[in-house]
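This report refers to the structure that appears directly beneath it.
The values are calculated or read from the model by the stated rules, or taken from the named source; none is laboratory data. Just so you know, these numbers come straight off a predicted model, no measurement behind them. Backbone-built Cβ (ideal geometry, glycine too); neighbour counts: all protein chains shown.
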Amino acid sequence: MIANRRLDPRLYQIGTLACLLLYGMLVLGFDISAARVILLLGTALATQLVCTGIWKLPAFDPKSAAISGLSLCLLLRTHSAPLAAAAAVAAVASKFLLRWNGKHLFNPTNFGIVAMMLATGDVWVSPAQWGNTAFFGFLLACAGGLVVNRAARSDVAFAFIAAYVSLLVGRSLWLGEPLAIPIHRLESGSLLIFTFFMISDPKTTPNSRAGRVLFGALVALGAWFVQFRLFHTNGALWSLAFFALLVPAIDLILPGERYAWNVAAFPRKGDSYVSLGRLLTVASLSRPVSRGARGVRVLRVLRGQGRHEAL
């Protein structure tokens, strides 16, 4: 029987981020060299490899580390190569070190950037590097929409952007500003990348849809507060890092099914424990047993799946 498999959503993310990076370097003239790209990607992948050995994972999986490395290439700016490498190490290592109930607390890229901005004043994010053309903004939105839909986390992205747009427009209407001002503030490639590639990370967002909508709205409110009340830049990054600490509480109040990257009807060589757990769940449901026994069996499988979920 042929396996009914869906392509890993991270492959879409890697392809989209790589295309955005190439477009930025070749067309928009991003202030990042090929050597810096190699340094960030190489450090992220090397950190993933080392952590795979330390935590004794069944196999080295470079996809998440590649996403973190590419995202840092797009957003992180610094004149110091050691600081760039340190950001990549912090981003990938945070997945292994900062965990709660089987999930890492922070989006790796967000943590790497925020940690380095807190530790030093020589790291920043440059929103203006993307330009403000409607065409490129539309391109980013479409590419991001493809990725988040494949990752089944479009709800948190759209909840964030809807709340953030409402707050920006509402403030301008309250102050009597022309709508051109909030529209101009929204014309940022960095904001779109944050919306569709960072806050929508399915491994760090709440498990339930209601929780994700609440989370997206809270991050939007925090981003608005940082920008217009604390008068700091990069409000979305600071807000996401803060409210990520509340995700365990949101999962407790609004429980839901935890997301798994690998989706397969039947596992094959190289599949993770998550896919195997799902196969066992399907197999248990197919047996002619009573409804009560079936529920107990499924619970046992899901509990084991949560314990063995790959990073």
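Given the conditions (1) farther than 23 Å from Phe243 by Cα; (2) at pLDDT 95 or above, which single one is not true for Met116?
(1)
Scanning for something more than 21 Å from Ile250 (Cα to Cα), touching a Pro at 6+ places or on another chain (Cβ under 9 Å) and in the same structural domain as Ala244 (by TED's automatic domain parsing), does segment 203-210 turn up at least one residue? Steps first, answer last, please.
First, pick out the residues of segment 203-210 that are more than 21 Å from Ile250 (Cα to Cα): none.
Within segment 203-210, not a single residue is more than 21 Å from Ile250 (Cα to Cα), touching a Pro at 6+ places or on another chain (Cβ under 9 Å) and in the same structural domain as Ala244 (by TED's automatic domain parsing).
Out of segment 166-188, which residues are outside any helix (DSSP H, G or I) and closer than 21 Å to Leu218 by Cα? Give the derivation first.
Taking segment 166-188 and keeping what is outside any helix (DSSP H, G or I), we get 176-179, 187-188.
Within segment 166-188, just Ser188 meets the criteria.
Taking helices (runs of 4 or more DSSP H) that fall entirely within segment 192-307, which contain at least 1 residues that are modelled with pLDDT of 95 or more? Outline the logic, then answer.
Values: elements: 209-228, 235-243, 247-253, 273-286.
Here the list reads 209-228, 235-243, 247-253.
Give the residue that is nearest to Gly256 (Cα to Cα), with candidates limited to residues of segment 94-111 that are aromatic (Phe, Trp, Tyr) and surrounded by 19 or more Cβ atoms within 10 Å (Cβ to Cβ).
First, the residues of segment 94-111 that are aromatic (Phe, Trp, Tyr): 96, 100, 106, 111.
Restricting the remaining residues to those that are surrounded by 19 or more Cβ atoms within 10 Å (Cβ to Cβ) gives 106, 111.
Numbers: Phe106: 19, Phe111: 24 Å.
Result: Phe106.
Ala66 - would you say it is within 26 Å of Leu98 (Cβ to Cβ) and crowded, with 18+ Cβ neighbours inside 10 Å?
Numbers: within 26 Å of Leu98 (Cβ to Cβ): yes; crowded, with 18+ Cβ neighbours inside 10 Å: yes.
Criteria met by Ala66.
Kindly provide the set of residues from segment 100-128 that are among the polar types (S, T, N, Q) and in a helix (DSSP H, G or I), ordered by number.
Start the filter on segment 100-128 by keeping residues that are among the polar types (S, T, N, Q), which leaves 101, 107, 109-110, 120, 126.
Across segment 100-128, the qualifying residues are Thr109, Asn110.
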